[in-house]
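Inspection log for the structure reproduced underneath, given as structure tokens.
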Amino acid sequence: MSKGSSANPAPKTIKQSIGLIGAGRMGTGIGISLLRQQNELHIKVNKNRFGADRLMDAGAREHASIAELAQHVSVVVLSLPSSREVETVCLDHDGLFVNMCRGGLIIDCTTSYPASTIALAKTAERRGLSFIDAPVTRSPEQAELGLLNAMVGSDATLFPVAERILAAFCETVMHVGDVGHGHKLKLVYNSMTMGIAAVAAEVCQFADSLQIDLVTLRSLVSRGSTNSGIFQAFAAFLLGEKPDALAISIANAAKDIECAVRLARESAVSVPVLDAAAQELNLSVVAGKGELTLPHLARS
């Protein structure tokens with residue numbers, strides 16, 4: 001698939017032994033899709049047993065350490081909270097870079113920081129490994145159905161290899177440039193998402209303070225260019241129609257937009273609106289709301 005293209009269907013996956021590190025909600029969905037394609041899936045022991053147990057029940061093999069997992073696979077998919085965890089998994093003495101065989105491929109689906117990604121890719125290359133970024137959009141439920149969107153940062157030679165693996169859990173796989181470009185695009189995308197979320201939350205509170213009926217506001221918004229999936233999810237949450245709407249935590253949302261603002265600052269780009277949205281999300285985290293889901297921002 002050419003850079004930026006999503007018109008052609010992704011190629012069929014090739015069954016192989018794949019490692020998965022990060023059996024959280026998104027990682028579990030990714031793992032279920034990999035297993036559905038009859039790949040041999042290897043996972044590391046996880047403190048939170050829910051995802052690991054689901055994957056084990058579906059046929060995954062569990063290992064006590066990353067070093068042990070690395071001995072059984074030539075490809076590893078990462079789905080972790082941030083660059084910090086990715087660096088630990090890759091660089092520790094029992095990590096992937098030391099223990100994977102030469103020629104191995106690591107695909108980072110985490111929302112990581114581009115500078116970290118580029119540095120890891122250079123270190124991996126010196127060890128005879130390939131490290132590329134392929135952050136994803138959409139929900140854990142869509143991961144399980146194989147309906148994610150992936151933005152791949154890699155060279156042209158590696159992209160077809162990664163595309164065949166990603167096709168197991170993605171309906172759209174886009175080559176967006178060299179290593180690091182996937183994570184740059186994901187941060188730009190997430191910053192827009194969180195910026196809209198901050199505005200939608202404020203508007204819902206504003207309407208409530210003026211005793212404007214939310215159903216009426218939603219009806220009006222739905223008919224105009226102001227409409228967005230974020231606002232619709234907030235309205236559905238506040239009206240009790242969808243309690244699990246936008247299940248990302250406020251803490252994760254704050255982390256993502258802060259990374260985007262940091263990237264803009266390092267690139268000498270002024271983003272005052274995004275900066276204000278980041279501050280609003282951080283205030284919610286400081287107020288103890290970090291573990292609540294994003295639509296809780298809209299409650300007065």
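See the values below:
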item: Per-selection Kirkwood Rh - the chain (Cα, Å, 1 d.p.); result: 20.1 Å
item: Pairs beyond 24 Å (Cα-Cα), from Lys47/Lys255; Lys186/Lys255; Lys15/Lys44; Lys15/Lys255; result: Lys15/Lys255
item: Virtual spin-label span in nm between Val269 and Ile196, 7 Å along Cα→Cβ; result: 1.7 nm
item: Exposure rule at most 15 other beta-carbon atoms within 10 Å, DSSP loop trypsin sites (Lys or Arg not before Pro): the chain longest free segment; result: 128-222
item: Alpha-carbon centroids, segment 219-244 and segment 40-73: separation in whole Å; result: 38 Å
item: Convex hull of segment 17-178 built on C-alpha atoms - directionally averaged projected area, nm²; result: 7.9 nm²
item: FRET efficiency estimate (nearest 0.05) - Cβ-Cβ, Gln279 to Gln38, R0 35 angstrom; result: 0.15
item: Percent accessible area from carbon and sulfur atoms, the chain, protein chains only, probe 1.4 Å; result: 54 percent
item: Paramagnetic reach from Asp213 in segment 220-263 [backbone N under 13 Å; point 7 Å along Cα→Cβ]; result: 220
item: Selected from Ala260, Ala207, Ala70 as most flexible by GNM, with the chain as the system and alpha-carbon contacts under 10 Å; result: Ala207
item: Full-extension gain in nm, Glu241 to Glu291, via 0.36 nm per residue minus C-alpha separation; result: 15.9 nm
item: Probe 1.4 Å, accessible area per residue of the chain, Å²; result: 48 Å²
item: Rg to Rh, two decimals, where segment 194-300 supplies the alpha carbon set and Rh follows Kirkwood; result: 0.99
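The values are calculated or read from the model by the stated rules, or taken from the named source; none is laboratory data. The shown structure was predicted, so the numbers you read here are calculated from the model rather than taken from an experiment. In this analysis, Cβ positions are derived from the backbone assuming ideal geometry, glycine residues included, and neighbour counts consider all displayed protein chains. Ligands, DNA and RNA are excluded from the accessible area calculation, which covers all protein heavy atoms including side chains. Shrake-Rupley method; radii C 1.70, N 1.55, O 1.52, S 1.80 Å.
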